[in-house]
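A short worksheet on the structure shown next.
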Amino acid sequence: MNVRVRRVYDAPEPEDGTRVLVDRLWPRGLSKDAARVDEWPKALTPSYDLRRWYHSGEGSYDEFRRRYEAELAAPEAAVLLDGLRETAGAGPVTLLTASKSPERSHASVLAELLAR
């Protein structure tokens, strides 16, 4: 599977394939035309409480990962994750996030789950 993580603010590239926004909120200052997002499955994003807890600095990335994976086991998220796996099986997928550190974000957790 060809899954990669990029910042949504980076210019789209031909090798992006299906571009999936994995943030709950639309990125500030970015038009929908410029973002070129193909899918926006909000139920795959971390809950408000989990995001708030992680960004407050209270917990570690490893604990965030554990809690987020538990959220992804919920029925609605699991169905969307399976659909995203199918999409990734058919061609390249780029997970888009506004996070300044995509490698330590929920997007990287999703990418690793899809690669399993």
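Readers should treat all values here as calculations from the given coordinates under stated rules, not as data from a laboratory. In this text the structure is predicted, and so the values were computed from the model without any measurement. Every residue, glycine as well, gets a Cβ built from its backbone with ideal geometry; the counts of neighbours run over all protein chains shown.
Of all residues in the range 14-26, those satisfying the criterion of being over 13 Å from the mean Cα position of the chain (by Cα) and either within 14 Å of Gly83 (Cα to Cα) or in contact (Cβ under 8 Å) with a residue 60 or more places away in the chain (or both) are Glu15, Asp16, Gly17.
The residue that is farthest from the chain's Cα centre (by Cα), among those in the range 84-97 that are part of a helix (DSSP H, G or I) and in contact (Cβ under 8 Å) with a residue 24 or more places away in the chain, is Gly89. Taking first residues from the range 62-83 that are within 12 Å of Leu44 (Cα to Cα) and partners that are not in a helix (DSSP H, G or I), the Cβ contacts under 7 Å between residues at least 6 apart in sequence or on separate chains come to Tyr68/Pro46; Glu71/Pro46; Glu71/Ser47; Leu80/Pro41. Residues of the range 98-112 that are surrounded by fewer than 16 Cβ atoms within 10 Å (Cβ to Cβ) and either assigned to a helix (DSSP H, G or I) or in contact with a His (Cβ under 8 Å, 6 or more places away or on another chain) (or both): Glu103, Arg104, Glu112.
Considering each residue of the range 17-29 in turn, at least one proves to be of a type in the set (Asp, Glu), touching a strand residue (DSSP E or B) at 6+ places or on another chain (Cβ under 9 Å) and either assigned to a loop (DSSP other than H, G, I, E, B) or exposed (fewer than 12 other Cβ atoms within 10 Å of the Cβ) (or both). Report yes if some residue within the range 35-43 is within 16 Å of Val8 (Cβ to Cβ), aromatic (Phe, Trp, Tyr), surrounded by 17 or more Cβ atoms within 10 Å (Cβ to Cβ) and touching a residue at least 12 places away in the same chain (Cβ under 8 Å); otherwise report no. Yes, that holds for at least one residue. The numbered conditions (1) more than 14 Å from the chain's Cα centre (by Cα); (2) hydrophobic (A, V, I, L, M, F, W, C); (3) more than 18 Å from Thr18 (Cβ to Cβ) are all true for Val79 except (3).
So is Gly91 under 22 Å from Val8 (Cα atoms) and loosely packed, with under 12 Cβ neighbours inside 10 Å or not?
Details: under 22 Å from Val8 (Cα atoms): yes; loosely packed, with under 12 Cβ neighbours inside 10 Å: yes.
So Gly91 fits the description; yes.
Quick one: in the range 89-116, of everything that is in contact with a Ser or Thr (Cβ under 8 Å, 6 or more places away or on another chain) and aliphatic (A, V, I, L, M), which residue is nearest to Leu30 (Cα to Cα)? Please lay out each step first, then the result.
Residues of the range 89-116 in contact with a Ser or Thr (Cβ under 8 Å, 6 or more places away or on another chain): 91-94, 97, 99, 102, 105-107.
Right, trim to aliphatic (A, V, I, L, M) and you get 93, 107.
Working: Val93: 20, Ala107: 19 Å.
That would be Ala107.
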